[in-house]
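Beneath this line is the structure, given in structure tokens, with notes to follow.
Throughout, read-outs are computed from the coordinates displayed, never taken from laboratory work. Remember, predicted model here, so these are calculated numbers, not experimental data. Here Cβ is always computed from backbone atoms with ideal geometry, including for glycine, and neighbour counts include all displayed protein chains.
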There are 2 protein chains.
Amino acid sequence: MMGAPKISTAESAVMEALWRKSPLSAEEIAAEVAEPQGWTLATVKTLINRLLKKAAIGATPEGRRYLYHPLAPRADWLAAESKGLLDRLFDGRLAPMVSHLSQAKALTGDDIAALRKLIAEIDEEDAQ
Amino acid sequence: MMGAPKISTAESAVMEALWRKSPLSAEEIAAEVAEPQGWTLATVKTLINRLLKKAAIGATPEGRRYLYHPLAPRADWLAAESKGLLDRLFDGRLAPMVSHLSQAKALTGDDIAALRKLIAEIDEEDAQ
DNA sequence: CGGCGACGTTTACCGATGTAATCGATGGGC
DNA sequence: GCCCATCGATTACATCGGTAAACGTCGCCG
């Protein structure tokens with residue numbers, strides 16, 4: 001029934017590791033995330049447990065330990081987070097955000113170019 | 001030194017009220033935000049105080065009470081929040097987010113149209 | 001075969017946040 | 001002049017999130 005008990009930012013680092021490669025053991029996850037974040041193995045274990053309770057990841061026994069894997073695709077999470085921001089700040093619509101960033105001069109020429117290309121591609125798809 | 005001690009979501013409701021109209025008294029702010037949120041005056045006062053401590057709003061004495069006003073423009077906040085999401089999820093770039101939303105079919109025709117129009121406008125500005 | 005080490009599990013603790021009641025000063029009405 | 005209503009300020013308390021140590025179990029090495 002309930003979809004997603006919100007993954008916290010610390011937890012999302014673990015998720016990202018598992019989305020990159022899974023299944024992984026706790027040790028392996030720690031190896032992936034501990035260094036950039038400066039976390040101890042204990043911390044990573046806590047995060048893994050919270051994610052298990054949130055049913056964001058699953059565990060399968062492997063010898064005397066578990067291997068963990070994501071239970072939802074990264075795309076779903078990206079979409080939910082993005083939609084959350086758009087809803088919260090921009091009435092749920094993308095254009096106002098882009099407009100705002102543009103006016104705030106927060107877009108590089110590359111960004112604009114990439115956007116233009118995207119729009120063209122989307123239009124093309126639509127045409128088919 | 002430190003720029004902005006992060007405005008929480010509850011606090012942001014107060015900020016939004018002040019961005020719509022300021023200066024306002026605590027009572028007036030409460031009138032603006034309490035109803036949709038279901039908050040008591042006490043709660044609003046707490047939020048006001050936390051925002052004062054965070055230096056997100058300022059207060060000027062008016063008779064025997066204060067009138068409050070934002071200390072930073074809403075645009076700055078919008079930009080910071082937006083940039084935060086982009087940095088966290090999309091390598092700081094806008095195009096990947098748009099691309100993602102598009103693939104997730106989270107964009108309506110109107111969104112695309114608005115985007116196309118925006119790009120055109122931005123291009124025009126650049127041209128000048 | 002007994003202790004050590006690796007695992008997962010439980011507990012801990014602090015700051016932030018959501019939500020609110022209580023306190024202390026103070027000015028205005030009677 | 002005094003008491004109450006009204007402000008802001010202080011205190012309260014539960015939950016969540018970040019970060020981590022302590023605990024219990026169980027297989028493996030010696």
Here the correct list, in nm and shortest first, of distances from B:N49 to the same site in the other copies, label points 7 Å along Cα→Cβ, is 3.5
Comparing B:E27, B:E62, B:E11 in a Gaussian network model of chain B (Cα, 10 Å), the one with the largest mean-square fluctuation is B:E62
Inter-copy distances for A:K21, label 7 Å out on the Cα-Cβ vector, sorted ascending, nm, one decimal, are 5.9
In whole Hz, the Karplus estimates of ³J(HN,Hα) for segment B:83-97 (6.51, -1.76, 1.60; θ = phi - 60°; x where Gly or Pro) are 4, x, 5, 4, 4, 5, 10, 10, 6, x, 10, 7, 3, x, 5
With -39,500 (n - 2.57) per DSSP H segment of 4 or more residues and division by the full residue count of chain B, the 222 nm estimate, nearest 500 deg cm²/dmol, is -21000 deg cm²/dmol
Cα extents of the protein assembly as shown per principal axis, largest first, Å, are 73, 49, 41
Quick calc, segment A:1-91, dipole around Cα centre from Cβ unit charges on Lys, Arg (+) and Asp, Glu (-), nearest 20 debye, gives 280
P(r) over all Cα-Cα pairs of segment B:30-90, 5 Å bins from 0 to the longest distance, whole percent per bin, short to long, reads 4, 15, 16, 20, 20, 13, 7, 3, 1, 0
Check: in chain A the Lys pairs 8 or more apart or on separate chains whose Cα atoms fall under 16 Å apart number 5
Karplus-derived 3J(HN,Hα) from phi for segment A:10-25 (6.51 cos²θ - 1.76 cosθ + 1.60, θ = phi - 60°), whole Hz, x at Gly and Pro, runs 4, 4, 5, 5, 5, 4, 4, 4, 6, 6, 5, 7, 7, x, 10, 7
